[in-house]
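Here is the structure we will look at, set down as structure tokens.
The values are calculated or read from the model by the stated rules, or taken from the named source; none is laboratory data. Computed from a prediction, not measured in an experiment: that's the story for all the values here. Glycine gets a Cβ as well: all are built from the backbone with ideal geometry, and neighbour counts include every protein chain shown. The accessibility values were calculated without ligands, DNA or RNA, using every heavy atom of the protein model including side chains. Shrake-Rupley method; radii C 1.70, N 1.55, O 1.52, S 1.80 Å.
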Amino acid sequence: MVEISRRRLLSAAAATGGAAAAGSLLPASLHEAIASTPVRPGGLQAIEHVVVLMQENRSFDHYYGTLRGVRGFGDHDPLRQPDGRSVFRQPAGAAEVLPFSVRRAAELADRPSSDVQYLGDLPHGWTDASAAWARGWNNGWVPAKSGATMTHYERQDIPLQYELAETFTLLDAYHCSVHGSTNPNRNFLWSGTTGHEPGSTARAVTNAAYSYDHAGYDWTTYPERLQAAGVSWQIYQEWDNFTDNAVEYFLPFKRIGRKILSHVERPFRTTEEFYDALSGMSATDRAAALAQFAAGRAALTPSERTLFDRGAYRSEPDTLVARLRADIAARRLPRVSWLVPTAALSEHPGASTPVGSANLVHQVLDAIASDRETWSKTALFINFDENDGYFDHVPAPVPPAAAAAEWYDGKPMGLGPRVPMTVVSPWTVGGNVCSEVADHTSVIRFLERWTGVREPNISEWRRTVCGDLTSAFDFSGARRAPELNQPGAVPAPISRWRPTPPETQALPEQEPGRRPARALPYRPWASALLSDGELALTLGGNCHFAVYPYRGELPEPLHVDAGARTAVRVPVGGAYELAVQGPNRFWYELSGTATGPAVDVVLRGTTLELVNHGRATVTLEVTALRYGRRSTKVVLRGGRSRSLDWATDRGWYDLEVTAPDFRRRLTGRVEDGRPGVTA
């Protein structure tokens, strides 16, 4: 075995994988399970097992920007930068960099196409990630990360990942929890928060815990809460876990580890240091060390041994999936399982390959689907801890200043950029897209609803803004069966490289077409009234909004967690231009002058309400921009109102209301509680 860790990255990143042939890459057992296993009724309680596989360091646009039907490079309404340019055109000094294909970059560099598997990682720490966020404008990516930040994969590069997304349910509004690296994001996955470094006022927003001398975190993890509640759980991992089990960095597990290590002759500071050393030992020394370690484990109290075995025990190399299979066969699969792969299978750029990880996913899917009973009652969440340094164009919700625990060093800790999340289960078949805002705490909130075990570490702000992932499921029994192949072997390892942006640039084309979409809980609406040098914005729908100022109306974007009806006042000078973003592509654009019409425009459901609060008569042009061709002229006398029934395209609308010195544009989707389609 060749050890690959964050401390010692070697070229052995190629363990398995390769370019996939035509046909389905999902295991035959999965196809057969989908086709032959009835969907269990009973809603959420029909689920008996939840498995979480968190992979490493990919952004949503980097993986799925060209995938059909998601919020990717074909986004009709991307955020505009302060100078009016699309967020896809990232500043690079006097130049700009657009998203570009990894495959095309390899061609221009005279590299074989197999080299697309061996990218090098980019800066992805707290400081550079916050710089890329750029106070909410999301336009600091190239200076903070390099031009390689804008690179992206295509279907032929990651075919299994694409097929998985098109067979089950993909979330395109799932964000990492914090601007920063792996461990703080995994703290959110396993504990609902990231607190402070031991004995310090510094927030745990870095990978400081990877030091063998780290004292350990003192807040409670969710596995400990499951343990106290009598809910079975297990973290499956091998000697090499790529430092991806954040639970091991908490005090209870460190204390138990020290107790075990007191029986080991050679000094080790943590069980992680012990496991990391095993691959470098001779067979004789390794056997002796493992025997001493086993003696230390035997000396634990029953409660300590249970906590260690479930949360910190690591099995021999190449046993992770075998252990999962064995527990499934023996009917001892826990209620909640977390899978922690090796470095080579982690999908991390710099240590792994997408196709190597695809092989792991293939094996995990086969392990679950080969047992029809287990498949029929299991939900598998496949997500990514953070985005590495890779660009994503959708700005994330930001906490208000009043949520002080969500801020550090004058910056919000999150939400961070979007990362991929696919939900695999009998209740998520059909190639759906779910656009409810979520982050890593949403995984715990799903477990909360399902087990009844609450996690008090999750902030009220995250509970307000993020969903609990139940919207990704359809328990009605409706589904579409997804033909067969298998991932092959990875290309021979090469030195890692960073793609260079091409000289000739163009926005990538996203695959055409729409996808089925899950019903969402959002009913966002906005209105605005100009009066006495102010725009009185009213935002509603119990969701998060961001207000972007383009004429200096505000010092930076304003974030608002709106209730049923929340008022926001924005001062305006001679001319104003703002845009209000809400969930699921909701935009409300406003521009005009301070002396323009005092007209309020709001869409409630499919009714467009026009109200003239001024005295003068106003002639308004109402025009459909993208869905339909309707154009209507409305003459509105002072103090009068008019309502128009506005037709949508399966719920989607995009319309503009204009008059001299006045423009309002409204776009989004009217939710009716039923499944729909993507934009």
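Glu553 - would you say it is over 29 Å from Pro412 (Cβ atoms), among the acidic types (Asp, Glu) and assigned to a loop (DSSP other than H, G, I, E, B)? So Glu553 fails the test.
Pairing residues of segment 32-47 that are open to solvent by 10 Å² or more (accessible area, probe 1.4 Å) with residues that are polar (S, T, N, Q), at Cβ distances under 8 Å and at least 6 apart in sequence or on separate chains, gives Thr37/Ser376; Pro38/Ser376; Val39/Ser376; Arg40/Ser376; Leu44/Thr470.
Here is the figure for segment 553-570: residues that are more than 21 Å from Trp461 (Cβ to Cβ) and of a type in the set (A, V, I, L, M, F, W, C) total 1.
For every residue, the table says whether it meets (1) modelled with pLDDT under 95; (2) assigned to a loop (DSSP other than H, G, I, E, B); (3) aliphatic (A, V, I, L, M).
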{"site": "Arg8", "(1), (2), (3)": "yes, yes, no"}
{"site": "Ala15", "(1), (2), (3)": "yes, yes, yes"}
{"site": "Leu25", "(1), (2), (3)": "yes, yes, yes"}
{"site": "Pro41", "(1), (2), (3)": "yes, yes, no"}
{"site": "Pro78", "(1), (2), (3)": "no, yes, no"}
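Looking at segment 373-389, is at least one residue under 13 Å from the mean Cα position of the chain (by Cα), among the small types (Gly, Ala, Ser) and under 30 Å from Val102 (Cβ atoms)? No, every residue in segment 373-389 fails to be under 13 Å from the mean Cα position of the chain (by Cα), among the small types (Gly, Ala, Ser) and under 30 Å from Val102 (Cβ atoms). Cβ-Cβ contacts under 8 Å between residues 6 or more apart (or on different chains), taken from a first residue in segment 510-525 that is more than 26 Å from Val465 (Cα to Cα) to a second residue that is surrounded by fewer than 16 Cβ atoms within 10 Å (Cβ to Cβ), are listed as Glu511/Arg155.
Looking across segment 556-589 at every residue that is closer than 22 Å to Ser531 by Cβ and part of a loop (DSSP other than H, G, I, E, B), the one that is farthest from the chain's Cα centre (by Cα) is identified as Gly574.
Within segment 260-288, the set of residues being part of a helix (DSSP H, G or I) and in contact with a helix residue (DSSP H, G or I) (Cβ under 7 Å, 6 or more places away or on another chain) comprises Ile260, Leu261, Thr271, Glu272, Phe274, Leu278, Arg286.
Tallying residues that are open to solvent by 20 Å² or more (accessible area, probe 1.4 Å) and under 15 Å from Leu79 (Cβ atoms) within segment 528-553 yields 2. Going residue by residue through segment 91-101, is there one that turns out to be buried (at least 22 other Cβ atoms within 10 Å of the Cβ), at pLDDT 95 or above and assigned to a helix (DSSP H, G or I)? Scanning segment 91-101 turns up no residue that is buried (at least 22 other Cβ atoms within 10 Å of the Cβ), at pLDDT 95 or above and assigned to a helix (DSSP H, G or I). The residue pairs whose first member lies in segment 156-168 and is under 14 Å from His362 (Cβ atoms), whose second member is small (Gly, Ala, Ser) and open to solvent by 30 Å² or more (accessible area, probe 1.4 Å), and whose beta carbons are closer than 8 Å, counting only pairs six or more residues apart or on different chains, are Pro159/Ala20; Leu160/Ala20.
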